[in-house]
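To keep things clear, I will list the structure first and then write my remarks on it.
The values are calculated or read from the model by the stated rules, or taken from the named source; none is laboratory data. Just so you know, these numbers come straight off a predicted model, no measurement behind them. Methodologically, a virtual Cβ is constructed for each residue, glycine included, from the backbone with ideal geometry; neighbour enumeration extends over all protein chains shown. Keep in mind that these areas ignore ligands, DNA and RNA; they rest on the heavy atoms of the full protein, side chains included. Shrake-Rupley method; radii C 1.70, N 1.55, O 1.52, S 1.80 Å.
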Amino acid sequence: MTNFLIYGATGYTGQLITREAVQRGMNPIVAGRDAAKVKLLADELGLEARVFDLSSEEKTREGVLGVSVVLNVAGPFSVTSGPLLDAALYVKAHYLDTTAELGTFLRSEAADGQAKKAGVMVMSGTGWDVVPSDTLAARTAARVTDPVSLVIALKLFVGTPGERIPLLFSKGSMTSALGFAPFAGSVRSGGTITTRDDSPTRSIDFGEGSEEVGLAPMGDLVTGWHSTGIPEIEVYVAGGIPIPTTAPGSQLPDGPDAADRAIGRARVYAKVTGRDGSTAAGLVDTPTGYGFTQLAAVEIASRIIAGDFTPGFQTPASAYGPSLLEGIGDSRFIDL
């Protein structure tokens, strides 16, 4: 398969995804703005290389010409998603990314009409947290008659006593965290995304006892609405979203190594309330974030290449249903 381009392939998450794709028998095009890094990775894996930055509309279009799927793994997505999405739609290629930034989901959602006209699919959030949270939201909503509210809570690391705790965030994730700031306090109310002035917290049990979680402006405010039609949605994160760092990049590790990625689990909680007051709740248990993203992004790209897609803006659940989750690593649903 040579019509699959990964932009940001030389970054921490990009390399994980590229190597996973190769392991699955795919031949993605390695793309990015740093010629030396792109060539080094492409030569190592025997792949085609393309070098272009996103400052020129014409060069970005040329960079994705001839491919059927563009997977954007280059943060911050508030900067990269617009040019790559526009270019993908122009050449009639499917667009995927691995963002969690709310602004990027809003941009992708707004491209629904263009994507349908081009006959391609647009999907943001093809990794953790959105694949677990979206599939769990759809599964839990189906257990309630006339669902009207959805609460999602994310826990990035679930460990056991004595384990060494891995570095949770790569440099790219820390940079992309800048994209959350403009949307602080966001919730969906009455079907519309709005902002709360307070900073509410909740007590959530992820299976290790109750803990406090804080409100976070995640992409689930878009995907949950699109997948379930629930008009009231709030998203919380245990420990908060990553705080952007001002430390020079050279002082930051690239991200957790393979040993750290293998330690512990990640979990998502969802609770849906029906108009009659009935409720349903559940958990998703997955590998930790980067390891899950590595598997999920390649799985979704491979399905599209095989012809399994729905034109327009889609979410993991709207395109593939809750069953998508159970085919990714050893992830599993836990109904509560």
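Observations
- Conditions (1) within 17 Å of Gly125 (Cα to Cα); (2) touching a Leu at 6+ places or on another chain (Cβ under 8 Å); (3) not aliphatic (A, V, I, L, M); number of the one not met by Gly312: (2)
- Those residues of the range 35-47 which are among the basic types (Lys, Arg) and either under 19 Å from Val91 (Cβ atoms) or part of a loop (DSSP other than H, G, I, E, B) (or both), in sequence order: none
- Criterion applied to Ala301, Ala247, Ala296, Ala238 was being more than 24 Å from Arg143 (Cα to Cα), at pLDDT below 90 and small (Gly, Ala, Ser), and the one residue passing it is Ala247.
- Residues that are open to solvent by 10 Å² or more (accessible area, probe 1.4 Å) and farther than 20 Å from Thr310 by Cβ, drawn from the range 113-147: Trp128, Arg143, Val144, Thr145, Asp146, Pro147
- Residue in the range 177-192 that is at pLDDT 70 or above, closer than 18 Å to Phe292 by Cα and buried (at least 20 other Cβ atoms within 10 Å of the Cβ) present: no
- Put simply, of Leu102, Leu150, Leu106, Leu85 the only residue that is of a type outside the set (Phe, Trp, Tyr), under 27 Å from Ile328 (Cβ atoms) and surrounded by fewer than 23 Cβ atoms within 10 Å (Cβ to Cβ) is Leu106.
- Test: Arg50 is open to solvent by 40 Å² or more (accessible area, probe 1.4 Å) and either within 30 Å of Tyr236 (Cα to Cα) or assigned to a strand (DSSP E or B) (or both): yes
- Options Tyr290, Tyr269; residue that is out of contact with any Cys (no Cβ under 9 Å at 6 or more places or on another chain), under 14 Å from Asp129 (Cα atoms), crowded, with 19+ Cβ neighbours inside 10 Å and modelled with pLDDT under 95: Tyr290
- When Asp86 is tested against (1) under 28 Å from Pro182 (Cβ atoms); (2) acidic (Asp, Glu); (3) more than 23 Å from the chain's Cα centre (by Cα), only condition (3) is not met.
- Which numbered condition Thr13 fails, given (1) open to solvent by 10 Å² or more (accessible area, probe 1.4 Å); (2) touching an Asp or Glu at 6+ places or on another chain (Cβ under 9 Å); (3) not aliphatic (A, V, I, L, M): (2)
- Assessment of the range 66-78 against the conditions (assigned to a helix (DSSP H, G or I), at pLDDT below 95 and touching a Leu at 6+ places or on another chain (Cβ under 8 Å)) yields at least one matching residue.
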